[in-house]
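The structure appears below as structure tokens.
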């Protein structure tokens with residue numbers, strides 16, 4: 001049953017009333033093509049598309065109009081795609097309000113009173129696992145307070161046990177205020193964590209500003225790291241000399 005079907009409304013109401021969060025992880029909703037190499041390649045190439053389908057369904061169907069306090073996050077799905085997609089959905093919304101997009105004419109009741117981007121800003125968050133600098137470029141277009149960092153533990157494509165090294169790759173030139181939001185405060189806000197209770201643990205285990213101020217040199221990339229961010233850094237960062 002697609003997420004825009006009204007049969008979900010009782011569940012959405014219960015989630016909203018209990019101040020819970022809908023978490024859609026990448027890979028959900030994807031068709032299976034079997035275990036052949038071609039099937040696996042097709043599956044991974046479409047993972048992002050099908051995960052984003054739930055995002056589109058909720059935004060365009062009026063779910064966030066009916067449930068204004070509903071909270072929804074896509075995890076391990078990045079965030080660089082969000083602004084272009086919202087621009088596209090806003091354009092579709094305006095075309096429907098106008099009555100046509102090109103040769104396509106629209107009739108019937110339309111449930112959105114705001115632009116899709118307005119609902120996204122109010123109701124949606126994005127879990128960016130092991131983000132690169134490029135992934136966070138232009139994050140202000142969707143709001144830095146809407147993005148949560150993740151390390152994808154314990155998967156091989158994640159950053160553990162080299163979390164600090166991955167953070168130095170990405171966060172060395174990001175302001176301390178934005179680092180705090182991305183690396184912890186946004187998650188605390190979304191999931192209602194008690195920051196004061198977590199602060200001693202953050203002080204004990206978390207990275208310090210001075211650590212993150214130091215860029216990770218190419219020769220410091222761990223040779224046994226399997227994470228995507230390290231692999232991409234090795235391929236994309238030219239050697240000196």
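Mind ordering 103-111, 20-28, 179-187, 198-206 by average Cβ neighbours within 10 Å, highest first?
Answer by packing, highest mean first, reads 179-187, 20-28, 198-206, 103-111.
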Could you tell me how many degrees, from 0 to 90 and to the nearest 10, lie between the Cα long axis of helix 195-205 and the main elongation axis, the longest principal axis, of the Cα atoms of the chain? 30
What value does region 142-241 have for Rg/Rh, both radii from Cα atoms and Rh as Kirkwood defines it? 0.99
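For a protection proxy built on the mean count of beta-carbon atoms within 10 angstrom, sort 114-127, 223-236 highest first, please.
114-127, 223-236
Relative contact order for the chain: what is it in percent, counting Cα pairs under 8 Å that are at least 6 residues apart?
The normalised contact order for the chain reaches 17 percent.
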Express the C-alpha Rg of region 1-153 as a ratio against the empirical globular expectation 2.2 N^0.38 Å, rounded to two decimals. 1.11
With Rg from the Cα atoms and Rh as the Kirkwood inverse mean 1/r over Cα pairs, region 54-140 has an Rg/Rh of 1.02
Build a GNM of the chain with springs between Cα atoms under 10 Å: which of 61, 175, 132 gets the top mean-square fluctuation? 175
Between the alpha-carbon centers of region 1-21 and region 50-77, tell me the distance in whole angstrom. 11
Between the Cα axis of helix 37-60 and the main Cα principal axis of the chain, the angle (0 to 90°, nearest 10) is 60
The helix 82-98 Cα axis meets the longest alpha-carbon principal axis of the chain at an angle in degrees, between 0 and 90 and rounded to 10, of 10
Distance between region 159-192 and region 88-140 - C-alpha centres, whole angstrom: 26
CD proxy at 222 nm, helix term only [per DSSP H run n ≥ 4: -39500 (n - 2.57); per residue of the chain; nearest 500]: -13000 deg cm²/dmol
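Coordinate-derived values only; no laboratory data. Just so we're clear, the structure is a prediction, and the values are computed from it rather than from any experiment. Every residue, glycine as well, gets a Cβ built from its backbone with ideal geometry; the counts of neighbours run over all protein chains shown.
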